[in-house]
Amino acid sequence: MWVCSRKQSNVDEAVAALSREFPLASVRGAACNVGDAESLAALARAVAASAPALDALVSNVGVDPVAGKALDLPESVFDKVFATNVKAAWMLVKLLRERLVRGSSVVFVASTGGLQPAAPSGLYGASKAALIGLGRALSTELGPDGVRVNVVAPGLVRSRMSEAFWRGPYAAKAEAAISLRRLGEPADVASVIAFLCSDAARWMTGETLVVSGGIDTRL
């Protein structure tokens with residue numbers, strides 16, 4: 001099992017926690033900036049060298065550095081958002097393609113914002129919409145080889161990235177828009193990802209599962 005994060009401290013924390021929970025598993029980790037091509041390639045080389053085949057590959061990255069209307073943001077922000085949120089997922093699958101075998105599962109983590117992109121995170125939402133499309137495209141390409149590709153679209157989760165929303169004045173309004181009247185926790189999303197990686201979802205591919213507590217995103 002491999003885990004990665006941009007910061008080494010996060011990697012060390014995750015490896016330690018997983019090793020305690022799964023003492024018989026071999027848990028490894030590496031710091032990786034997925035927006036940097038060489039850093040991503042180094043991670044892929046390390047994973048490929050240690051694993052002849054991958055049961056599951058989960059890409060859970062996202063960046064939304066500046067809030068505002070999409071057309072008001074500079075080109076550098078556009079490049080960063082799409083490089084991190086879309087290109088990195090494409091590159092990861094591309095680099096590890098030979099390790100994906102019949103029965104492997106790929107999961108991209110998008111966002112409900114990808115289903116309804118809007119300010120002040122419209123550019124972020126557009127990138128997640130592209131990620132949903134990428135997942136669908138790869139599912140048709142890899143399906144004949146027995147490799148499944150699905151997408152999870154979480155709503156507002158109590159994560160570090162979204163802290164400005166769930167700790168701020170927006171939180172009460174967000175909860176009121178959720179049918180279950182509570183924000184999500186990381187475990188709420190992790191359990192759905194685990195399902196998609198398991199044999200219980202062996203006949204599912206090309207799908208986008210919304211995990212939002214009931215946010216109105218589509219019919």
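Enter the angle in degrees (range 0 to 90, nearest 10) between the Cα long axis of helix 186-197 and the first principal axis of the Cα atoms of the chain, meaning the one along which they spread out most.
On a 0 to 90 degree scale, this one is about 40.
Most mobile of 99, 45, 136 per a Gaussian network model of the chain (Cα springs, under 10 Å)?
It is 45.
Determine the sum of side-chain charges near residue 99: Lys and Arg each +1, Asp and Glu each -1, restricted to other residues whose C-beta is under 15 angstrom from that of residue 99.
Value of the local net charge: +3.
For the chain, set up a Gaussian network in which alpha carbons nearer than 10 Å are linked by springs, and say which option among 125, 155, 68 fluctuates the most.
Result: 68 has the largest fluctuation of those listed.
For 2, 203, what ranking results if the residue with the fewest other Cβ atoms within 10 Å of its Cβ goes first?
Listing 2, 203 from fewest to most nearby Cβ atoms yields 203, 2.
For a test of the definition: using alpha carbon positions, the gyration tensor, and the 1.5 limit on a/c, classify the chain as rounded, prolate or oblate.
rounded
Summing -39500 (n - 2.57) over the DSSP H runs of n ≥ 4 in the chain and dividing by its residue number, what mean residue ellipticity at 222 nm do you reach, to the nearest 500 deg cm²/dmol?
Theoretical 222 nm ellipticity from helices: -12000 deg cm²/dmol.
To the nearest Å, what is the center-to-center distance of segment 144-172 and segment 46-96, using C-alpha atoms only?
Comparing the Cα centres of segment 144-172 and segment 46-96, I get a distance of 15 Å.
Can you tell me, using C-alpha contacts under 8 Å and at least 6 residues apart, the relative contact order of segment 55-211 as a whole percent?
Across segment 55-211, relative contact order equals 25 percent.
For the pair residue 24 and residue 55, how long in nm is the line joining their label points, each one 7 Å along Cα→Cβ?
1.1 nm
Compute the long axis of helix 122-142 from its Cα atoms, compare it with the longest principal axis of the Cα atoms of the chain, and write down the angle in degrees, 0 to 90, nearest 10.
It works out to around 30 degrees.
Is the shape of segment 101-219 best called rounded, prolate or oblate, per the rule: a/c under 1.5 gives rounded, else a/b larger than b/c gives prolate, else oblate, with a ≥ b ≥ c the square roots of the Cα gyration tensor eigenvalues?
prolate
Given H placed 1.01 Å from N in the peptide plane, which residues other than close sequence neighbours of residue 68 have an amide H under 5 Å from its amide H?
Long-range HN contacts for residue 68: 121, 122.
In debye, nearest 20: dipole of the chain around its Cα centre with unit charges on the Cβ of K, R (+) and D, E (-)?
The dipole of the chain has a size of about 100 debye.
Report, in degrees rounded to the nearest 10, the 0 to 90 angle that the Cα long axis of helix 37-50 makes with the longest principal axis of the chain.
40 degrees
Just name one of 161, 174, 189: the one whose Cα is farthest towards the positive end of the charge dipole of segment 142-219 (beta-carbon charges, Lys/Arg +1, Asp/Glu -1).
Of the listed residues, the answer is 174.
Which of 90, 34, 24 sits closest to the plus end of the dipole of segment 1-126, meaning its Cα is farthest towards the positive end, when Lys and Arg get +1 and Asp and Glu get -1 on the C-beta?
Selected residue: 24.
Treating the beta-carbon of each Lys and Arg as +1 and of each Asp and Glu as -1, no other charges, what is the dipole magnitude of segment 21-112 about its Cα centre, to the nearest 20 debye?
Using Cβ point charges on Lys, Arg, Asp and Glu, segment 21-112 gives about 340 debye.
In a GNM of the chain with a 10 Å cut-off on Cα contacts, which of 173, 128, 94 has the highest mean-square fluctuation?
Among 173, 128, 94, the largest GNM mean-square fluctuation belongs to 173.
Could you tell me which of 211, 68, 147 has its Cα farthest along the dipole of the chain towards the positive end, charges placed at Cβ (Lys, Arg +1; Asp, Glu -1), taken about the Cα centre?
Of 211, 68, 147, it is 211.
Quick check for the chain: number of Lys pairs with alpha-carbon distance under 18 Å, counting only pairs 8 or more apart or on different chains?
Total qualifying Lys-Lys pairs in the chain comes to 5.
Bear in mind these aren't lab numbers, they're just calculated from the coordinates by the rules spelled out. Here the structure is a predicted model, which is why all the values come from computation and not from measurement. Glycine also receives a Cβ, built like all others from the backbone with ideal geometry; neighbour counts cover every protein chain displayed.
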